[in-house]
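The values are calculated or read from the model by the stated rules, or taken from the named source; none is laboratory data. In this text the structure is predicted, and so the values were computed from the model without any measurement. Please note: Cβ atoms are built from the backbone with ideal geometry, for glycine as well, and neighbour counts cover all protein chains shown.
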Amino acid sequence: MRDSLQKRCEQFIEARDVIRDAFKWDSSYLPPVCANLFCAAGALPDGDRLRACREVINQKTGIFSSFRGNIRVPLACLLSMEDHPEERFDRAQNLYQMLRKQFYGSEYLALAAFLLTESDCTEDRIVRGKGLYRRMKDEHPLLTSSEDSVFALMMAWSDQPDEELIADMETCYRLLKERFHDSNCVQTMTHILAMEKEAPKVKCERVFDLYDRIEQNNAKYGKHYELATLAALAMLDAPADTVTRDMMDVDAFLKQQKGYGFFGIDRETRLMHAAMIVSDDYVPRGAVDTAALSGTIGMIMAQQMAMCAVIASTTAASAAASSHS
């Protein structure tokens, strides 16, 4: 394994364990996903700071706030990386109120508000996001739900016309459905792929190629919520064989770690975690700050979309587990 990837893997496990200890009574699904937030930022969590940031959320919101519930843990993690977490949270709440003029309130919209506070989220962009959301709803009325509002908002940063974005997504949807049958997850993939300007067929072939290469290494990648991360991974500016080799190296590392062995997390989820870690190693740290200059904004938004999709799926799994306990 490459040295940088080895270091990131070790950081991921360390971060997961700190987060798990800090939020012992919260969902067990979330610590690995939240650990990846720190890996992407090249940071390590501090347990006391995590708990303090959770308290910031509690103090500044009511019990029924969209900033509470299952997204409170990832939000606390993101806040803990801020120099002035209370100020960032205040900005997120203010932006949320702006977004509420166009979208129904939800946990996903609250997450979008936090992620977009540093991205010059003007009223024009919000209105454009709403327009894209309506078009998504027109194309797939039964599939499009509140979590898609996050993706619609992020696509408002694309310099492609709305008509091209929607046409791109629809073409990708038809192509991807030939291989993957979870319609909702396929739709999420199309949102992520829309941030890349290549032809739809080329993008979908890159996804299929990566999926097949993983399978050729005696591994089976998931065909449900895991697909969002695969789509973002397939868009990396790196040869598919190199990316696959990195994934297999990370998967082998994770298999030896507590919580990932025979009685731990299933291999499909473990492979998704491996894909997240590999993605972090290819997207340059600090790229968000230089996106407009370096041309990486599409990749950054795609990474954020994949992260949102994973958080949405893990919080849903957490809620389902709680209702059956």
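Among the residues that make up segment 106-126, is at least one of them in a helix (DSSP H, G or I), among the acidic types (D, E), free of Cβ contacts under 8 Å to residues at least 24 places away in the same chain and closer than 30 Å to E164 by Cα?
yes
Is there a residue being farther than 18 Å from A35 by Cα, out of contact with any Phe, Trp or Tyr (no Cβ under 9 Å at 6 or more places or on another chain) and of a type in the set (D, E) anywhere in segment 232-240?
no
Out of all the residues in segment 14-26, which are surrounded by fewer than 17 Cβ atoms within 10 Å (Cβ to Cβ) and either in contact (Cβ under 8 Å) with a residue 12 or more places away in the chain or not in a loop (DSSP other than H, G, I, E, B) (or both)?
If the condition is that a residue be surrounded by fewer than 17 Cβ atoms within 10 Å (Cβ to Cβ) and either in contact (Cβ under 8 Å) with a residue 12 or more places away in the chain or not in a loop (DSSP other than H, G, I, E, B) (or both), then E14, D21 are the ones that fit.
Residue check, E226 against (1) farther than 15 Å from F180 by Cα; (2) charged (D, E, K, R); (3) under 19 Å from the mean Cα position of the chain (by Cα), all met but one. Which one?
Unmet condition: (1).
Evaluate segment 218-225: report whether one residue or more is part of a helix (DSSP H, G or I) and either over 27 Å from F103 (Cβ atoms) or of a type in the set (S, T, Y) (or both).
No, every residue in segment 218-225 fails to be part of a helix (DSSP H, G or I) and either over 27 Å from F103 (Cβ atoms) or of a type in the set (S, T, Y) (or both).
Starting from residues that are β-branched (V, I, T) and within 16 Å of the chain's Cα centre (by Cα), keep the ones in segment 52-78 and report whichever is nearest to L99 (Cα to Cα).
I71
Could you tell me which of the residues I166, I192 is within 20 Å of A112 (Cα to Cα) and in contact (Cβ under 8 Å) with a residue 12 or more places away in the chain?
I192
Among T61, T117, which is the only one that is surrounded by fewer than 22 Cβ atoms within 10 Å (Cβ to Cβ) and at pLDDT below 90?
Every option except T117 fails the conditions.
Scan segment 218-238 and tell me whether some residue there is surrounded by fewer than 16 Cβ atoms within 10 Å (Cβ to Cβ), of a type outside the set (D, E) and in contact with an Asp or Glu (Cβ under 8 Å, 6 or more places away or on another chain).
Yes.
When residues of segment 27-48 are filtered for being crowded, with 18+ Cβ neighbours inside 10 Å and either touching a residue at least 60 places away in the same chain (Cβ under 8 Å) or assigned to a helix (DSSP H, G or I) (or both), how many remain?
So the count comes out to 12.
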